[in-house]
Amino acid sequence: MAAESSPKIAIVDENPIRAAILEEGLREAGFTLVERVGEMNNLLARIYQIDPDVILIDLENPSRDVLEQMFQVSRAVRRPIAMFVDQSDTASIQASVDAGVSAYIVDGFRKERIKSIIDLCISRFNAFAKLQDELERTKNALEERKVIDRAKGILMKLKGLSEDDAYVLMRSTAMREKKKIADIAQSIITASELLK
Amino acid sequence: MTDQSKPGSLMPLRIGFIPLADAAALLIAVDKGFARDEGLDVTLQREVSWSNVRDKLNLGLFDAAHLLAPVAIASSLGLGHVKVPIVAPFKLGLNGNAITISPVLHAAIMAELDGDPLDPLATAQALLRVVAARKRKGLEPLVFGMTFPFSTHNYQLRFWMAAGGVDPDEDVRLVVLPPPYMVESLASGHVDAFCVGAPWNSVAVDLGVGHILHFVSDILARAAEKILAVRQPWAEKNPQALAGLIRAHDRAAEFIEAVDNRTEVAAILGKAEHLGVDAEVIRRTLDGRLKVSPDGKVRESSRYLLIGREGAARPDPVQAAWLYAQMVRWGQAPLSDHSLSVAMGVFRPDLYDSATGKAAPSAGKVEVADGVGAFAGPSFDPAAVSKHLDSFPIRRR
C-alpha cells in the first residue's frame, strides 16, 4: 500500500457492529481513509460529499438500488461509478454475494487493488455472520435451559419425582418421540398452563 | 439444479421476488401448488432490492425471478451492468403503479389545474406552472422518487411530466428510493412525490401523507411492468421446466382474476413471508378500487393492475420496444437496430403460446391499436423509433 495513496472507501451499512468490524479490518490492511454511512436518508448526497473511490454496501440494504443511480450519466453524478463486476472472475463475485456484500468502484480504479479489498470484505462479513450465529446459539441454549428447568419443576411437583428423575423422564420421552428435550419441556409447560 | 426432472421427482427451483402485489402470479402458483402440479419444487426467496434480484439471477443463484421488465432489457443489452441475456416468457402484470404526491404539492397542482384532474396532460401542465412558480421564488426543485433507473416508474414519471413541458432532468429531481422507504420519505418531506407499485400508494393515502394523482394506466393503457425472468441459457437447457413454470403462472393468473377467489388471494399475498401487509389493502389493488385521498375518496378503474386478463400475461415485444425507446429518449442507451431487436427478443410470446397452448391474439382483437396506448405523442411504431422520439421536444437523445 505504501507506494500508492490510500483509496477513499465508504462503507454503507445500517449495522454499526458489522461496519466497525469491516472498518477495523480495512485500517489494519493499510486502508486509512474509511468513512461509515449508517443513515440512509439522503444517501446519494452523503456519498457525493465523501467522494469515495470504493463503496461497500451490504446486500440486506434496500438502498443498494439507490447506488445504481450512480451508473447513470447525469449532471448530478460527478464521477461515474460502476459495480465491481469482472466477467472473468465470477467466483469472486459469487463469494461476495454469498457473504452478503457488494462493491462499487469509481471508473478507472485498478482491478488488482479492489481484489484485496473485496477479499477482506468477504472474510470480515463471514466472520461477523459466524459471530452472530454463535451469539444466537448461546441465546437459544440459555433460553432452552430456562424452559427445561421450569418443566423439571412442574414434573417434580406433580409426579413427586427427584430432579434427576424428572430430567431422565423428559430425556427418554424426547428420544422416543424423536424430539428435542426443550420441545418436550415446552409441551409440559403449555399443558400445565392449560390444566391450571 | 439444471437437470431435467425425472418422472416422479420434483425439480427444485429457486425463485427471487420483491414483496409487491404484482408478484401475485408467482406467489399464488407456488402457494396453491400449481407449480408442484407441473413437477416443480419452488423455493421462494424474498429480496430487498432489484439489484439483488438481478445479480442473483445473473449469477445463477436464482433459476428465475420476479423482475422489472426494463431491467431484463437492460441486462440483455449490458446497460450499466454485466451483459446477461434474459428471457421473459410470462408477463406478471400490466400497469399497477401510481403517482402519489404530498398534500402540499396536491394543493398546488389543484390550484393551477385547468381541466380534468384525471387528464395527465392537464396535471402535467399544472405541474409546469408549479415548477415555474417555485423557480421564481428561488425554491429547491421538487423531488420525485422512483424505484430504479431502469424501471417503468422512471419512464412513466418522465413521459407524464415531459408531456406538460417539465424537463425531468432540468426542472425537477428524480431519485431512486426503495419502495419500503417511499412513504416515510414523503411524510418527512425528503420527496414531494413518488411513482411506485402496490401497496405503497395506498399505505401513503391511509396514513394521510399522500394523494394518488394518477394511476399509471392514465399515462399508458398497457405498460409491461414485471416479468418472469430466466437466463437465456437456462431457458434453452430446461425447456420442460420452463413450460411448466409458464403454465403454473398462467393458471395462477386466471385464479387471481376470478373475483370469487380474491379474498383467498389477498390473504395468501398478505402472509408475512410474502408481502406482509394487510390483506384488505391488497384486495383494493386487485380490484382496482383505491382510496386516492386521505378524506376517503375512492377511485375505481378496470385498468389499474392487470394480471392475466385481456392478454396481460402474454409478453408483447412492442411493449419491450417502447421501454427500449424510453432508454434511448433519456440517454440511457444509444439507438441501434441491433439493440432494438435484442430488446424485443427478450419478450417471448412464442414460449408463452407453446407452453399454454393458447392461440395468439388476432390482429383485429387488440385492445389498443399500437399495443401501448400513451396519452400523448404519436402512436408508437417499433419500426420507426427514431422518428417517434424526434416528435418529443424534451429528450436527452
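The values are calculated or read from the model by the stated rules, or taken from the named source; none is laboratory data. The shown structure was predicted, so the numbers you read here are calculated from the model rather than taken from an experiment. All Cβ positions, glycine included, derive from the backbone under ideal geometry; neighbour counts span all protein chains shown.
Of everything in the stretch B:145-172, what is within 20 Å of the chain's Cα centre (by Cα), surrounded by fewer than 24 Cβ atoms within 10 Å (Cβ to Cβ) and within 14 Å of chain A (Cβ to nearest Cβ)? Give them in sequence order.
Listed by number, the list holds a single entry, B:168.
Out of B:162, B:111, B:72, report the one residue that is assigned to a helix (DSSP H, G or I), of a type in the set (Gly, Ala, Ser) and free of Cβ contacts under 8 Å to residues at least 40 places away in the same chain.
B:111
Counting only residues that are small (Gly, Ala, Ser) and more than 14 Å from chain A (Cβ to nearest Cβ), which one in the stretch B:28-64 is nearest to the chain's Cα centre (by Cα)?
B:64
How many residues does the stretch A:40-64 contain that are assigned to a loop (DSSP other than H, G, I, E, B) and more than 9 Å from chain B (Cβ to nearest Cβ)?
3
Any residue at all in the stretch B:50-67 that's touching a Ser or Thr at 6+ places or on another chain (Cβ under 6 Å) and modelled with pLDDT of 95 or more?
Scanning the stretch B:50-67 turns up no residue that is touching a Ser or Thr at 6+ places or on another chain (Cβ under 6 Å) and modelled with pLDDT of 95 or more.
Quick one: what pairs do we get from the stretch A:7-21, first residue without any contact (Cβ under 8 Å) to a residue 24 or more places away in the chain and under 16 Å from residue A:103 (Cα atoms), second of a type in the set (A, V, I, L, M, F, W, C) and part of a strand (DSSP E or B), C-beta under 6 Å, 6+ apart or different chains?
A:19/A:11
Which of (1) at pLDDT below 95; (2) of a type in the set (A, V, I, L, M); (3) in contact with a Phe, Trp or Tyr (Cβ under 9 Å, 6 or more places away or on another chain) is the odd one out, the single condition residue B:84 does not satisfy?
Residue B:84 satisfies all of (1) at pLDDT below 95; (2) of a type in the set (A, V, I, L, M); (3) in contact with a Phe, Trp or Tyr (Cβ under 9 Å, 6 or more places away or on another chain) except (3).
Mind listing just one residue for me: the one in the stretch B:175-206 that is assigned to a strand (DSSP E or B) and modelled with pLDDT of 95 or more and, of those, farthest from the other protein chains (Cβ to nearest Cβ)?
B:193
Just one of B:41, B:55 is closer than 30 Å to residue A:90 by Cβ, assigned to a strand (DSSP E or B) and not assigned by TED's automatic domain parsing to the domain that holds residue B:166; which is it?
The unique qualifying residue is B:41.
Determine which member of the set A:110, A:75 is loosely packed, with under 14 Cβ neighbours inside 10 Å, more than 12 Å from chain B (Cβ to nearest Cβ) and at pLDDT below 85.
One residue alone meets the criteria, A:110.
Under 6 Å between Cβ atoms, which residue pairs at least 6 apart in sequence (or on different chains) link something in the stretch B:76-88 that is more than 13 Å from chain A (Cβ to nearest Cβ) and under 23 Å from residue B:349 (Cβ atoms) with a partner that is in a loop (DSSP other than H, G, I, E, B) and basic (Lys, Arg)?
Filtered contacts from the stretch B:76-88: B:87/B:348.
Scan the stretch B:260-273 for residues that are out of contact with any Asp or Glu (no Cβ under 8 Å at 6 or more places or on another chain) and crowded, with 18+ Cβ neighbours inside 10 Å and report the count.
2
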